[in-house]
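Before any comments, here is the structure.
Computed from the coordinates by the stated procedures, all read-outs in this text should not be read as laboratory data. Since this is a predicted model, take the numbers as computed values, not measurements. When we count neighbours, we look across all protein chains shown, and the Cβ atoms used for this are built from the backbone with ideal geometry, even at glycine.
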Amino acid sequence: MTHIIAEPCIGTKDLSCVDVCPVDCIHPTKNASDGTTAQQLYIDPDTCIDCGLCVDECPVKAIFPQDELPEEWSKYIQINADYFKNKA
Ligand code: SF4
């Protein structure tokens, strides 16, 4: 299980979630090469420990536990995973 960042993050990328994540699995960070060009932030599903700390930090409520992700945003499960697959 993981947490997922969905559509409200697009164009927002507040980064508060990055600061609270204890395992640094939310990317890109501000100084990453794609920090300004990425459409949204993404959670690495292989590293997320499901602590939930990021959920309340998000000002636009874009982060959900995977099993509570609204159906309309289900494609973001793949979108988050793909970001890290393409990096590997
Ligand atoms: Fe990081 Fe916890 Fe959020 Fe997973 S649930 S992305 S480990 S802060």
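From the list D67, D56, D19, D46, the one residue that fits, being in a loop (DSSP other than H, G, I, E, B) and either touching a residue at least 24 places away in the same chain (Cβ under 8 Å) or not polar (S, T, N, Q) (or both), is D46. Note on the stretch 4-33: among residues that are more than 15 Å from the ligand (Cβ to nearest atom) and touching a helix residue (DSSP H, G or I) at 6+ places or on another chain (Cβ under 8 Å), the one that is farthest from E72 (Cα to Cα) is K30. Name the single residue, out of those in the stretch 30-58 being within 11 Å of the chain's Cα centre (by Cα) and of a type in the set (V, I, T), that is surrounded by the fewest Cβ atoms within 10 Å (Cβ to Cβ). This residue is V55.
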